[in-house]
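Undergrad: To start, I am sharing the structure in question, which I have written as structure tokens.
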Amino acid sequence: MSLSLDDRLNRIIGRITSEEFLQNQGLGNEIGFWIFDYPPDKELDVRAFIDGSVLPTLAKRVPAIRVQNINLFELVIDLLKERGLLDQVLQMQVDKGNDAVLAPLRSVLKEDKLARRIAEKIDLQDIDMLILTGVGAAYPMLRTNTLLSALHPVMQDTPLLMFYPGRYDGYSLNLFSKLADDHYYRAFRLVD
């Protein structure tokens, strides 16, 4: 029997505050990458839970669990602003449509570049875990399976938790429960 989303959400804090999670124990030499998948139509509920429950609870723990939350959509927008491309991209989208924008963005938003950008934003010595959000909003500008692969050498022993609007079955990511992404099998489902 599968759990309701509320039941699954309520299991997150216990899971991510456990020593097994924080120390990457029991993973059979795999990296500590975790995915919490959820129905895409529940995006606002999940965001509210992260901001209203998960992050405050981690901060109040004694000792506090130090977490960095990176919204992938905001990361993309910030990168485009810094490169002076945001206005051009938005105008191109208006003039030529979404598909015409994606090809020129690929060189700027390659997942290995985004992984390096994430590495610049975090100090692994100062955090206990990294949380990635904004996956759905960043689509189709980046591919999460490729980004996760690019983050493998960056994260070392620091656990990573990605909130994913869609379905992850342990072998492949299915964004919005409709769009099949490439296979990705190096992460674990946080809560079944």
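The values are calculated or read from the model by the stated rules, or taken from the named source; none is laboratory data. This structure is a prediction, so every number in the text was calculated from the model and none was measured. Glycine gets a Cβ as well: all are built from the backbone with ideal geometry, and neighbour counts include every protein chain shown.
Undergrad: Does at least one position in the range 53-72 carry a residue that is within 23 Å of Thr144 (Cβ to Cβ), charged (D, E, K, R) and out of contact with any helix residue (DSSP H, G or I) (no Cβ under 7 Å at 6 or more places or on another chain)?
TA: No - not one qualifying residue is present in the range 53-72.
Undergrad: Which of the following residues is surrounded by 19 or more Cβ atoms within 10 Å (Cβ to Cβ), touching a residue at least 60 places away in the same chain (Cβ under 8 Å), out of contact with any Phe, Trp or Tyr (no Cβ under 6 Å at 6 or more places or on another chain) and assigned to a helix (DSSP H, G or I): Leu147, Leu142?
TA: Of Leu147, Leu142, the one residue that is surrounded by 19 or more Cβ atoms within 10 Å (Cβ to Cβ), touching a residue at least 60 places away in the same chain (Cβ under 8 Å), out of contact with any Phe, Trp or Tyr (no Cβ under 6 Å at 6 or more places or on another chain) and assigned to a helix (DSSP H, G or I) is Leu147.
Undergrad: Is there a residue being modelled with pLDDT of 90 or more and either among the basic types (Lys, Arg) or under 24 Å from the mean Cα position of the chain (by Cα) (or both) anywhere in the range 97-108?
TA: No: the range 97-108 contains no residue that is modelled with pLDDT of 90 or more and either among the basic types (Lys, Arg) or under 24 Å from the mean Cα position of the chain (by Cα) (or both).
Undergrad: Something else about it: Hey, can you tell me all the residues within the range 101-112 that are touching a residue at least 24 places away in the same chain (Cβ under 8 Å) and within 13 Å of Leu85 (Cβ to Cβ)?
TA: Within the range 101-112, Leu105, Val108, Leu109 meet the criteria.
Undergrad: Does the range 37-44 contain at least one residue that is farther than 25 Å from Ala150 by Cβ, touching a Leu at 6+ places or on another chain (Cβ under 7 Å) and not small (Gly, Ala, Ser)?
TA: yes
Undergrad: Let me ask something else. Among the residues of the range 34-57, is there at least one that is aromatic (Phe, Trp, Tyr), modelled with pLDDT of 95 or more and farther than 22 Å from Arg186 by Cβ?
TA: Yes: one or more hits.
Undergrad: Which condition from (1) on the phi < 0 side of the Ramachandran plot; (2) surrounded by fewer than 14 Cβ atoms within 10 Å (Cβ to Cβ); (3) at pLDDT 90 or above is the one that Gly84 breaks?
TA: (1)
Undergrad: Taking the range 113-139 on its own, how many of its residues are among the charged types (D, E, K, R) and in contact (Cβ under 8 Å) with a residue 40 or more places away in the chain?
TA: 4
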